[in-house]
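Single-structure report; data block below.
The values are calculated or read from the model by the stated rules, or taken from the named source; none is laboratory data. Computed from a prediction, not measured in an experiment: that's the story for all the values here. Quick reminder, even Gly has a Cβ in these numbers, built from the backbone with ideal geometry, and neighbours come from all protein chains shown. Protein only, heavy atoms only, side chains kept; ligands, DNA and RNA dropped before computing areas. Shrake-Rupley method; radii C 1.70, N 1.55, O 1.52, S 1.80 Å.
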Amino acid sequence: PSRFEGITMAPPDPILGVSEAFKADTNELKLNLGVGAYRTEELQPYVLNVVKKAENLMLERGDNKEYLPIEGLAAFNKATAELLFGAGHPVIKEQKVATIQGLSGTGSLRLAAALIERYFPGAKVLISAPTWGNHKNIFNDAKVPWSEYRYYDPKTIGLDFEGMIEDIKEAPEGSFILLHGCAHNPTGIDPTPEQWVKIADVVQEKNHIPFFDVAYQGFASGSLDEDAASVRLFAERGMEFFVAQSYSKNLGLYAERIGAINVVCSSADAATRVKSQLKRIARPMYSNPPVHGARIVANVLGDATMFGEWKAEMEMMAGRIKTVRQRLYDSLVSKDKSGKDWSFILKQIGMFSFTGLNKAQSDNMTNKWHVYMTKDGRISLAGLSMAKCEYLADAIIDSCH
Ligand SMILES: Cc1ncc(COP(=O)(O)O)c(CN[C@](O)(C(=O)O)[C@@H](O)C(=O)O)c1O
């Protein structure tokens, strides 16, 4: 008998498995609102013009393919930390941030989880209920215990702020609090600036360690600075904390796997030690990261013209999603005679809308309407065109009544 008998079939991934099912569907009405990947009005993947411009420059320059250092491309690490905190920020000036290039957001989260497992034995991570589908797997596989803090309130289809604060208060002192910097996934519901202040207060009070996941900087509101406000608030307070970054969405570099883990420390010496241990973890995991995406980011962020062009394209993408969000809302209101309040669609921010549809209703969306979405009721508006809003509204109304 084969010794591989014990290797059973793994379940399809709750998010990426939806794309697999979508590809297998032959119905031309099919709509992929599963994975959080931007599509144009023609529902095609989008490579930013500024990315093509940077790549042409890189090709002309004839860069070589030598290994990067374990910590990644130095120009990228510098640029990514400055983008997050602002170039003039004290944590940058005083060299208190340990930044290493990661395999996009996922790989950066995983490196951070490995550091927690190694240097914070017994510490647990508090994650929002609900949260991005891969967070639990990342911490489980890194053998880091986690528990949930209340976040989504199905009654108001809004934030259960009191519950969130209470659960963070109740957590053992020195817990890691995983926070979505902006554009919460899957709910699209973000704390208000005032609520962020209160969150910072309670985290500081309990000596917790904030752990930001910033996968949508600039993509949520269209403004890089606005979307970094929550992270910068915590940096203002002189807190030590983690920030994972991703350029999958805001620069459209999905498959280039480019991101970073930043650890804000209380001294430059601590940052040097932390960086050395992140390198120690990375080397046996993947040795050193891919260069192409890092060079694109470093070139775009390092050139004033391209940086401006990037900001304009990001505002275009964020703008298209906002327009589609409004059109979906208008279609639902005009078609639905039940008087249901759909305003939550407009209050949500970023790529996603949390529809409140349950699993059976989501199944109906797929089986009857060929609309592919995650089973927690999330739809990615980035995959929706103006032309398809009416159809989607019909599907949602049919599925929830
Ligand atoms: C909050 C959050 N954090 C990290 C990531 C990781 O992204 P990457 O590794 O590409 O940098 C995502 C992407 N999440 C998805 O957009 C999604 O939820 O559909 C999708 O890309 C995914 O991988 O699931 C995310 O939404």
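Summary of computed values
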item	result
Output for the stretch 370-393, where each listed residue is away from the ligand (no atom under 16 Å from the Cβ) and either out of contact with any Lys or Arg (no Cβ under 9 Å at 6 or more places or on another chain) or open to solvent by less than 10 Å² (accessible area, probe 1.4 Å) (or both)	S385, A387, K388, C389, Y391, L392, A393
Boolean, V333 is on the phi < 0 side of the Ramachandran plot, without any contact (Cβ under 8 Å) to a residue 12 or more places away in the chain and outside any loop (DSSP other than H, G, I, E, B)	yes
Filter pass, A113 being small (G, A, S), part of a helix (DSSP H, G or I), closer than 30 Å to Y372 by Cβ and in contact with a helix residue (DSSP H, G or I) (Cβ under 7 Å, 6 or more places away or on another chain)	yes
Subset of the stretch 257-291 that is among the polar types (S, T, N, Q) and open to solvent by less than 50 Å² (accessible area, probe 1.4 Å) - its residue that is nearest to I209 (Cα to Cα)	N262
Single match in A294, A312 (criterion: in a helix (DSSP H, G or I), surrounded by fewer than 16 Cβ atoms within 10 Å (Cβ to Cβ) and not hydroxyl-bearing (S, T, Y))	A312
From E205, E236, residue being free of Cβ contacts under 8 Å to residues at least 40 places away in the same chain, within 16 Å of F85 (Cβ to Cβ) and acidic (D, E)	E236
In the stretch 384-395, the residues that are in a helix (DSSP H, G or I) and either modelled with pLDDT under 95 or of a type in the set (A, V, I, L, M, F, W, C) (or both)	M386, A387, C389, L392, A393, A395
Enumeration of residues in the stretch 1-28 that are touching a Phe, Trp or Tyr at 6+ places or on another chain (Cβ under 7 Å) and not small (G, A, S)	V18, F22
Residues of the stretch 116-125 satisfying the condition of being small (G, A, S) and in a helix (DSSP H, G or I)	none
Helices (runs of 4 or more DSSP H) fully within the stretch 1-106 counting 2 or more residues that are within 16 Å of the ligand (Cβ to nearest atom), of a type outside the set (S, T, N, Q) and open to solvent by less than 60 Å² (accessible area, probe 1.4 Å)	16-24, 74-85
Selection within the stretch 248-278 - over 18 Å from F120 (Cβ atoms) and either assigned to a helix (DSSP H, G or I) or over 21 Å from the mean Cα position of the chain (by Cα) (or both)	Y254, A255, E256, S267, A268, D269, T272
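For (1) of a type outside the set (D, E); (2) within 12 Å of the ligand (Cβ to nearest atom); (3) surrounded by fewer than 19 Cβ atoms within 10 Å (Cβ to Cβ); (4) more than 17 Å from G181 (Cβ to Cβ), each residue gets a yes or a no:
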{"position": "R110", "(1), (2), (3), (4)": "yes, yes, no, yes"}
{"position": "E117", "(1), (2), (3), (4)": "no, no, yes, yes"}
{"position": "V125", "(1), (2), (3), (4)": "yes, no, no, no"}
{"position": "W132", "(1), (2), (3), (4)": "yes, yes, no, no"}
{"position": "N137", "(1), (2), (3), (4)": "yes, yes, yes, yes"}
